[in-house]
Every structure is written in C-alpha cells, then in structure tokens.
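Engineer: Structure in structure tokens, see below.
Nothing in this text is a laboratory measurement; each read-out follows from the coordinates by a stated rule. Quick caveat, the model's predicted, so the values are computed rather than measured. Using ideal geometry, Cβ is built from the backbone for each residue, glycine included, and neighbour counts are taken over all protein chains shown.
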Amino acid sequence: MDQKQAVRELAEVGCIVEKNALPQIREEHVNHIKDLSPPPMIVNERLVSNLSQRIRDGEQETAGTAEDVVAAAAQEAGGRPETVETSVEVQTDINTEKEKRTVGDFVDYYNDRYERISQILRQRRAMQGAISLSHVEDMSADEEASVIGIVQDKYKTNSGKFIVYIEDPTGSTKLLVGEEDGEHIVEDEVIGANGTLGDDIVFCDEVIWPDLPLPQNISSTDEKVYAAFISDIHYGSIDTLNDTIDTFVSWLNSETEFTARIKYLFIVGDVVEGVGIYPGQQEELKLENLYDQYDQFIDMIKAIRDDIEIIITSGNHDMVRLAEPQPPIPEDYVEELYDRDNVHFVPNPCWVNVHGHDNGGVDVLMYHGYSFDGHVSGLQHLRDSAYENPDHAMIDFLKRRHLAPIYGSTLIVPDETDHHVIDRIPDIFCMGHTHSFANTTYKGVNVICAGTFQGQTDFQRRVGHMPDPGKVAVVDLSTRESSVKEFYHEDGEDRDSNGEVDSHE
C-alpha cells in the first residue's frame, strides 16, 4: 500500500495523517486504525509506533479500542495544568423581539435555507454547472443537466422508483430517482441532481446531498484542556438520578490530573422536568413547582468549581417556547447563575467557540434535538436503529447540512435566517433529547449524543426504550480524542466518585 492510498483510506474514516507518520505507515496499520471505534482524529508518528509495538507483541487481536492505542501513544508529562486562560464566544443570536410572523417570514426563511445550502452544493465538482430550474424548460430533451432545489413532495411509482418534486426561487420541476435515493430523500431539504432531461422531467443518474467534505485538517488547541458533555438532567422528576448527579459533580471537583484539565462543561438542554409538558406529567413529578426544580439545578451548578466554563442551552422541557430557535433559559428562573462569570446561557441551536485565543479554538454546535423524533419517523433506515444509536440520525443531519430538514419535525419560528442550517463545519456536534448515549466521529467531527441523568420513565417503559444514564463524554481539545466516564450501574447503583470506570465508545 502506497502512502497516497493509506492517506485516502484513513481520510474516508475521518483520520488526518501527520506528515511525520507517513514513512512508517503500512497496510496493517491502516487496517487496525480503521477497526478502532471511533478511529483517532489524528494519526501521528507516536500512535503508529505504538501500534507497531502492539502488533510485534502479538496484541493485534486486542488492539481494537481507540482509547488503549491513543492513550498509550499519548503518554504525556501529566501533572496538574498550570493556570489556564479560558474563553467562550457565543456565535448565535436570535430575534426574540418580533412577536408576529407572516407568510413573508416563511418565504424569507426558506429562501435563506435554499441559498446557503445551494452554495454548499455548488462547491461540489458535480454541481458547479448547476442551472436554475427556470432554464430547464428552455433545454432540449436528452440534454444533460445539473439542478438544485428544495424538495416539495415525493411519491413512489409502481416500478419502485420515485417522482420527486423540487423548486428553487425561479421555478420548479420533477425528478425521477432510483428507489434507494428516493427512500432517503425527505421533504423540505435541499438536494442536487445530475441527469438527462426528458419531457418536463429530469431522469436522475445521481442525487447529491450537501454532506461534509473529507477533512483536510483538525482544529485543536495547543493547551491540553478538556470539555465534558452532559444533557437531560430533568430535575423535579421522580426518576431524576440525584445521587448520580452528585457523584458526577464530586468527580468534577476532585481535581485529579484528568479532571483538573476539564475547563468546559456543555449542558445540552432539559435541565428540569418542567410542568405541563405532557398529559399526566403531574403524577411523575417530585417537585411540582418550576422554581423549585430550577433551584435544584442552581445548586448543582454552584457546586461545580468556578474555573470550569459552563455552557447551557435550552430543551423542550425547559421554561422557554417550544418553537425553535429557542431563546436561552430566562433569567427569572436562574437569576443567581446569570451573575456568575463562568456560566453562559445560550439559544438552541447554538454555535459556540471555546478556547479561541489558543490556535483559533474549537467550534461546537449545540442542539438539544427535538426534531430527532420527527426526522427518524420519516426514514426507515433510521427508524430501525436511531433510538439505540442516536449518532446515526446526527450524522444524517450533517449529511443534509440541516438540523430539522422536514417541516413539522419541530415547531419553527421563521426568521430571515434559518438557524438550523449547518453551513459551517463544526469541530464538535453535540445533542441530547434521546436519553441514549453516543460518542463517535464523522469526517473529522466529534459526534456526541450526551446521555441523561434521568432513569427510565413510565412512558419509556411502555414503548420499550431503555435510557443510557450517567455517561459523560470528555473531549481532549488538544487532540480531539474522546473518552467516556460512567457514573451509573445498570443495577441502579452509582459509580464511585473517583471516576475509575472509564470506557471509550
């Protein structure tokens, strides 16, 4: 295997190969690295050397966990870090002043979606010659054409293929696409298509989604600092795992060599159970007063050491409007926390840059994930797996470059800007909502579905969903490698506060 092929194969699974590692890489290294779950973000000389030693020592059958290989390759000096300067830049601002919305607002909203995602598609070589839909009718049959449009509707024909109606600001047309592509297309998303013109139709050879490009480099910090990710605490519920939360906070405050490097904590919504969220909820409340629920959350945050920057977004159980984008949790409910310099309440969804003074920092896309259910229900390939593996749906959002492509998958407040468009490439994409945990990578992006600190609810028991509580993903921002800390036993007992249980997913 030559170096170019090695780089290409590793890039396909999201790995960046450093130049000094290239002379050492052999086919067996590539195969082992591809088998790691998830593969390391950066393949450097030290990692390849460590993997070579494992292979020589006959450990190739047990070299399949990313954490073992990366950790062994990254034997750094250790010790507690010196005083670290932190920084948080909230990069999303939503309009909460405008109360009424009109049809014109929806037009602006969808035009913004089309323009921004079509620009992404036009960067693809296959789409650089894309024409506006108004020009399709001026072309002759059998001519080849590339088009971009928002999906209006689709239906399956008797032959198994799909007719897909698309539109752009200039006009509309229909596509004939194969069964596999047709099954994956959803209404209201922006797609590209290459094909041959027929009579008022494009016979598609290829459907193109805006997807992420293969990574060329990995954003990271020079300082070895970590970020932790949690979600769905649900204070006030009879199923809230208060002891597990306390164990996690004690671990954060323990300031071991590991925890001392945690300088950022992301909390991805649903910090309280709320009141009146669904019929019959009162029977499942331990605290029926919303202020009492938020008081417990305030106590949790105040107990965390103040050198950690805490970034908190809203969820569908929090006291904000259900329609997205959601504003930050109001100061009325968490006034004490608004006075703390290290606590940041942000909209949902939200872009946040952390540690930006150091090598540009790391860009984090936070989204609670309320559109998850509606999106998954419309796609067979996700219905079968996404609730156990929520990263499947998260990666699907990245491929479509949108957090809620299907209108109705979540309530929307239309604005001039569609805040769900992913027109930038995040370094870390984190979500919650599902109460299932996932930690993986996709094309250079850390994909994290933070689990929950709520046990199985009555509703979840009835539908057969088993939550994944007490798991915390921690990302080393200097290498972008991640680990998972577990604070909850399946039998309901907490892990000890030393953070000894450590796994990588």
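Engineer: Which ³J(HN,Hα) values in Hz, rounded to whole numbers, follow from the phi angles of the stretch 448-462 under the Karplus curve 6.51 cos²θ - 1.76 cosθ + 1.60, where θ = phi - 60° and Gly and Pro get x?
Structural biologist: Karplus values, whole Hz, x for Gly and Pro: 10, 9, 5, x, 7, 10, 10, x, 5, 8, 4, 4, 5, 4, 5.
Engineer: For the stretch 296-305, what does the Karplus curve 6.51 cos²θ - 1.76 cosθ + 1.60, with θ = phi - 60°, yield as ³J(HN,Hα) per residue in whole Hz, taken in order and with x for Gly and Pro?
Structural biologist: 5, 5, 4, 4, 4, 5, 5, 7, 7, 4
Engineer: By the scheme Lys and Arg +1, Asp and Glu -1, what is the net charge of all other residues having a beta-carbon under 14 Å from that of ASN289?
Structural biologist: Here the count lands on -4.
Engineer: So for each of 386-398, 425-437 I average, over its residues, the number of other beta carbons within 10 Å; can you give me the resulting order with the highest mean first?
Structural biologist: Answer by packing, highest mean first, reads 425-437, 386-398.
Engineer: Moving to a separate point now. Summing +1 for each Lys or Arg and -1 for each Asp or Glu, what net charge is found among the other residues whose Cβ lies under 10 Å from the Cβ of THR196?
Structural biologist: Charge balance in the 10 Å sphere: -4.
Engineer: Also, quick follow-up: Taking every pair of distinct Cα atoms and averaging 1/r, then inverting, what Kirkwood hydrodynamic radius in Å comes out for the chain?
Structural biologist: The answer is 24.3 Å.
Engineer: Could I ask something else about it? Cβ under 12 Å from SER132's Cβ, SER132 left aside: what net charge do those residues give with Lys, Arg +1 and Asp, Glu -1?
Structural biologist: Summing Lys/Arg as +1 and Asp/Glu as -1 gives -3.
Engineer: Moving on to the next point. Give the long-range amide H neighbours of VAL202: residues separated by 5 or more places, or on another chain, with amide H under 5 Å away, using H modelled in the peptide plane at 1.01 Å from N.
Structural biologist: LYS174, LEU175, LEU176
Engineer: Which cross-chain or sequence-distant (5 or more) residues have an amide H under 5 Å from the amide H of ILE262, H modelled 1.01 Å from N in plane?
Structural biologist: Under 5 Å from the amide H of ILE262: TYR226.
Engineer: Arrange ASP270, ASP384, ASP188 by Cβ neighbour counts within 10 Å, fewest through most, would you?
Structural biologist: ASP384, ASP188, ASP270
Engineer: Using a ≥ b ≥ c from the Cα gyration tensor of the stretch 129-203 (square roots of the eigenvalues), is it rounded, prolate or oblate, where a/c under 1.5 gives rounded and otherwise the larger of a/b and b/c decides, a/b for prolate?
Structural biologist: Numbers: a/c = 1.93, a/b = 1.31, b/c = 1.47.
Oblate, because a/c is 1.5 or more while a/b does not exceed b/c.
Engineer: Among DSSP beta bridges whose residues both lie in the chain, state the antiparallel percentage, nearest 5.
Structural biologist: Antiparallel bridges make up about 65 percent of those DSSP assigns within the chain.
Engineer: May I pose another question? Dividing the Cα radius of gyration by the Kirkwood radius, what Rg/Rh value follows for the stretch 219-503?
Structural biologist: 0.93
Engineer: Checking the a/c ratio against 1.5 first, then a/b against b/c, what shape does the Cα gyration tensor give for the stretch 94-150?
Structural biologist: Values: a/c = 6.39, a/b = 2.17, b/c = 2.95.
Oblate is the answer for the stretch 94-150, as a/c is 1.5 or above yet b/c matches or exceeds a/b.
Engineer: Then there is this: Sorted by mean Cβ packing within 10 Å, highest first, what order do the peptides 29-37, 481-489, 330-338 take?
Structural biologist: 481-489, 29-37, 330-338
Engineer: Based on the mean of other Cβ atoms within 10 Å per residue, sort peptides 111-119, 138-146 so the most packed one is first.
Structural biologist: Numbers: 111-119: 18.4, 138-146: 11.8.
Output ranking for 111-119, 138-146: 111-119, 138-146.
Engineer: Report, by chain and number, residues whose modeled amide H sits under 5 Å from the one on LYS443, excluding near sequence neighbours (fewer than 5 apart, same chain).
Structural biologist: GLY14
Engineer: List, in order, the whole-Hz ³J(HN,Hα) value for each residue of the stretch 167-175 obtained from phi through the Karplus relation with A = 6.51, B = -1.76, C = 1.60 and θ = phi - 60°; use x for Gly and Pro.
Structural biologist: Taking θ as phi minus 60°, the curve returns 9, 9, x, 9, x, 8, 7, 10, 10 Hz for the stretch 167-175.
Engineer: In addition: Please report the spacing between the Cα centers of the stretch 363-408 and the stretch 296-310 in Å, no decimals.
Structural biologist: 30
Engineer: Related question: Rank these for me by crowding, GLU283, GLU85, GLU187, going from fewest to most other beta carbons within 10 Å.
Structural biologist: Fewest-to-most Cβ neighbours within 10 Å comes out as GLU283, GLU85, GLU187.
Engineer: Based on Cβ point charges of +1 for Lys and Arg and -1 for Asp and Glu, what charge dipole magnitude is obtained for the chain about its Cα centre, in debye rounded to the nearest 20?
Structural biologist: The dipole magnitude comes to about 1120 debye.
Engineer: Next up: Can you tell me how the stretch 382-464 classifies by the Cα gyration tensor, rounded, prolate or oblate, using a/c under 1.5 as the rounded cut?
Structural biologist: Cα axes put the stretch 382-464 in the oblate bin.
Engineer: What is the spread of the Cα atoms of the stretch 281-368 along each of their three principal axes, largest first, in whole Å?
Structural biologist: Principal-axis extents of the Cα atoms in the stretch 281-368, largest first: 50, 30, 20 Å.
Engineer: Could you tell me the calculated FRET efficiency between ARG8 and MET466, based on Cβ-Cβ distance and R0 = 51 angstrom, to the nearest 0.05?
Structural biologist: Working from the Cβ atoms, E equals 0.85.
Engineer: Under 8 Å for C-alpha pairs, at least 6 residues apart: give me the relative contact order for the chain, rounded to a whole percent.
Structural biologist: Working: 1113 pairs, mean separation 86.7, N = 505.
Over the chain, the number comes to 17 percent.
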